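Asker: For reference, the structure I am asking about is given below.
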Amino acid sequence: MTSTEQNRRKYDALADRYEEIFFYVADMGRELVDYAAPPPGARLLDVGAGRGAVARAALARGCAVTAVDASAGMVSRLAADHPEIEAHQRDAEALGFPDGSFDVVTAGFVVQVLTEPEVALTEFRRVLAPGGVLALSLERQTVGRLAWLHDLNREFFGGGSGAAMTAEHLDALLAGAGFAAPVNVEVDIPKPLPDPAALWDWLAPRGVAEAVDALPTDRAVTFRERFFRGAEEMHRDGGIVLEFGATLHKATAP
Ligand SMILES: C[S@@+](CC[C@H](N)C(=O)[O-])C[C@H]1O[C@@H](n2cnc3c(N)ncnc32)[C@H](O)[C@@H]1O
């Protein structure tokens, strides 16, 4: 199975609870559209639109919005929730729109999940009119006081230090795709949680419960014990906060 196909299946399975699990995407969608600052009436294409966090913010600013996503599940939810948005199932790397069709292209938390982001960026440039704006958001890895949890995950499940795309890497990809004047800004999105159980409830649907269930029983018990011990300590010592961060990127098509 290709990673594009794996992505499609992953997001199909998530479609009905995506914005409930990833609580920050709605706010970040508004932030990204404010950063792009499209004038009312701008033709805006939102790529990897998911449930429409970015697309509906663009609609609220008076843009003519087209949204595409590789996942059929996401597209059908978005089309049902927002009939004013023209929604299509399309691949970011082969959008199928004529050259210069849009004034603005947005993609919220998408480039880092693509198999070939450089191909997609070239495609975004192709569908933008000269002088058009591309606006992207990228998750920023902020470990902070959750270092104990990252270490625990790495000890039990390995990996964990995988090469996430950085803001510098994305700016280099933008320049390589021929975009001019890339700029970016950092945004923090802290999420305080009330207690250790809430931290478990946050992680469980993100693959952790499944991974723990797949461990031999004694390892699974040890993982849970150490997880709750670490979470209790954090709770006592200043409270549990998920420290999310993102960078918003903007560049211009030549
Ligand atoms: C992290 S979600 C972001 C969704 C939305 N932009 C938001 O901010 O809430 C990534 C989205 O990209 C879509 N996606 C992944 N690979 C894609 C591809 N090759 N072409 C188009 N969409 C893709 C997924 O289906 C998913 O909806």
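The values are calculated or read from the model by the stated rules, or taken from the named source; none is laboratory data. Predicted, not measured: the structure shown is a model, and the values here were computed from it. Quick reminder, even Gly has a Cβ in these numbers, built from the backbone with ideal geometry, and neighbours come from all protein chains shown. In case anyone asks, the SASA skips ligands and DNA or RNA and just uses the protein heavy atoms, side chains included. Shrake-Rupley method; radii C 1.70, N 1.55, O 1.52, S 1.80 Å.
Asker: Out of all the residues in the stretch 3-22, which are open to solvent by 40 Å² or more (accessible area, probe 1.4 Å), more than 9 Å from the ligand (Cβ to nearest atom) and in contact with a helix residue (DSSP H, G or I) (Cβ under 9 Å, 6 or more places away or on another chain)?
Answerer: ALA13, ASP16, ARG17
Asker: Next question, about the same structure. Looking only at the stretch 39-49, which residues are of a type in the set (D, E, K, R) and either without any contact (Cβ under 8 Å) to a residue 12 or more places away in the chain or open to solvent by 10 Å² or more (accessible area, probe 1.4 Å) (or both)?
Answerer: ARG43
Conditions tested, residue by residue: (1) open to solvent by 60 Å² or more (accessible area, probe 1.4 Å); (2) within 11 Å of the ligand (Cβ to nearest atom); (3) not β-branched (Val, Ile, Thr).
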residue	(1), (2), (3)
TYR24	no, yes, yes
ARG51	no, yes, yes
ALA57	no, yes, yes
ARG61	yes, no, yes
ALA67	no, yes, yes
HIS82	no, no, yes
ILE85	no, no, no
PHE97	no, no, yes
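Asker: Is the stretch 94-103 home to any residue that is at pLDDT 95 or above, of a type in the set (S, T, N, Q) and over 17 Å from the mean Cα position of the chain (by Cα)?
Answerer: Within the stretch 94-103 (the criterion being at pLDDT 95 or above, of a type in the set (S, T, N, Q) and over 17 Å from the mean Cα position of the chain (by Cα)), the answer is yes, since at least one residue qualifies.
Asker: Let me ask something additional. Of these, VAL143, VAL127, which one is of a type in the set (A, V, I, L, M), more than 12 Å from the ligand (Cβ to nearest atom) and either modelled with pLDDT under 95 or in contact with a Cys (Cβ under 7 Å, 6 or more places away or on another chain) (or both)?
Answerer: VAL143
Asker: Would you confirm, using the coordinates I've provided, whether THR106 is open to solvent by 50 Å² or more (accessible area, probe 1.4 Å) and near the ligand (Cβ under 9 Å from one of its atoms)?
Answerer: no
Asker: Has the stretch 148-169 got any residue that is under 23 Å from VAL241 (Cα atoms), touching a Lys or Arg at 6+ places or on another chain (Cβ under 9 Å), at pLDDT 95 or above and open to solvent by less than 70 Å² (accessible area, probe 1.4 Å)?
Answerer: no
Asker: When both residues are 6+ apart or on different chains and their Cβ atoms are under 6 Å apart, which pairs have a first residue that lies in the stretch 172-183 and is touching a residue at least 12 places away in the same chain (Cβ under 8 Å), and a second that is among the hydroxyl-bearing types (Ser, Thr, Tyr) and part of a strand (DSSP E or B)?
Answerer: Cβ pairs passing all conditions: ALA180/THR252; ALA181/THR252.
Asker: Then there is this: In the stretch 20-41, is there at least one residue being basic (Lys, Arg) and closer than 25 Å to VAL119 by Cβ?
Answerer: No, the stretch 20-41 contains no residue that is basic (Lys, Arg) and closer than 25 Å to VAL119 by Cβ.
Asker: Any idea which of ALA92, ALA36 is near the ligand (Cβ under 10 Å from one of its atoms), open to solvent by less than 30 Å² (accessible area, probe 1.4 Å) and not polar (S, T, N, Q)?
Answerer: Only one candidate qualifies: ALA92.
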